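Structure first, then comments.
The values are calculated or read from the model by the stated rules, or taken from the named source; none is laboratory data. Just so it is clear, the model here is predicted, and its values are computed rather than measured. Because the Cβ atoms are built from the backbone with ideal geometry, glycine has one as well, and the counts that use them run over all protein chains shown. Ligands, DNA and RNA are stripped out before the accessible areas are found, and what is left, the full protein with its side chains, is counted by its heavy atoms. Shrake-Rupley method; radii C 1.70, N 1.55, O 1.52, S 1.80 Å.
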Amino acid sequence: MIAGDVQLLVNQKSCSKMPKRALALLAATLATTFAASESHAMEKLTVMTSGGFSLAYHQVLPEFERNTGTAVTTLSGASQGTGPKTIKSQLEQGADVDVVILSKDGLGELISAGRIAAGSETELASVPLGAAVRAGAPKPDISSVDAFKKAVVNGRVVMGGSTSGIFMRDQVFPRLAIAEKVSLKMVPRGSDATGMVAAGEADLVIGPVSELVSQPGIQLVGRLPDDVQLVQPFSAAIVKTAHNPEAARKLIDFLASDQTTAAIKSSGMEPAGKRRK
């Protein structure tokens, strides 16, 4: 209800005996009251999330919005890496964000850069690395380190240039002495990498399992062997410049609650803390 509607309502309520000044004051008071009520009922929140937690997040977000009356705008960014698509870069460029959700390593960079409200970080879930191929393509054996080495050396490999891709390129491949033998392409986002495999532009994509399940055009091969594995924790935190820190805290508490456990597990992740069983 807006001010004009309030004025019409007042005029229709047999207020003809009230002085015009009193009538105008009543209309203004009611309009202010209704405006404040509507503003409170429709809180707004902006979230920027990386791909690792994205699948579970989008499954549970409608429930949060429905139960709280909060309208959430969701933006996307990489946990780490270079270029304008990283969460860090977008915040530096002035992105107006209340909550970020990303890998622990990426969050550490934001904390060091002074972008995060002190003590607001909360771990939500963890996820192992896996590999996927184009839907319908033969699945390579990755059950052992030797089998994994053969699979990545014999195919075109693509990875997102964030936490997991950096780990594989800079640590695993050199340690296995295959860095110069792998036909590797690094792209800004995990979604770019899965898209290339779906299009037949690469043979194998490596990334968090939660970015490989339920993706069009690809099929999960399985998780990587323990000796080349990186289990990534994903956390949420409030940005220091958040416009609505109270609503941000409510969202993070919801994402860390038992209400999201099923969605987290269905996305290939494990809930954090006390929810892990």
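General observations
- F34 being in a helix (DSSP H, G or I) and modelled with pLDDT of 95 or more: no
- For F234, the conditions (1) in a helix (DSSP H, G or I); (2) open to solvent by less than 60 Å² (accessible area, probe 1.4 Å); (3) within 30 Å of E65 (Cβ to Cβ); (4) not hydroxyl-bearing (S, T, Y) all hold with the exception of (1).
- Residues being of a type in the set (A, V, I, L, M) and in contact with a strand residue (DSSP E or B) (Cβ under 8 Å, 6 or more places away or on another chain) - total across segment 138-186: 10
- Residues in segment 144-181 that are closer than 13 Å to D203 by Cβ and either of a type in the set (S, T, Y) or in contact (Cβ under 8 Å) with a residue 40 or more places away in the chain (or both): A151, V152, G155, R156, V157, V158, M159.
- Restricted to segment 86-107, and to residues there that are open to solvent by 40 Å² or more (accessible area, probe 1.4 Å) and of a type in the set (D, E, K, R), the residue that is nearest to T163 (Cα to Cα) is D105.
- Selection status of A272, touching an Asp or Glu at 6+ places or on another chain (Cβ under 6 Å), within 28 Å of R169 (Cα to Cα) and open to solvent by less than 80 Å² (accessible area, probe 1.4 Å): yes
- Test result for E65, in a helix (DSSP H, G or I) and surrounded by fewer than 22 Cβ atoms within 10 Å (Cβ to Cβ): yes
- Selected residue (only one of L129, L107 is among the aliphatic types (A, V, I, L, M) and within 15 Å of the chain's Cα centre (by Cα)): L107
- Flag if P216 is under 30 Å from H58 (Cβ atoms) and touching a strand residue (DSSP E or B) at 6+ places or on another chain (Cβ under 8 Å): no
- Any chance G83 is buried (at least 23 other Cβ atoms within 10 Å of the Cβ) and touching a residue at least 12 places away in the same chain (Cβ under 8 Å): no
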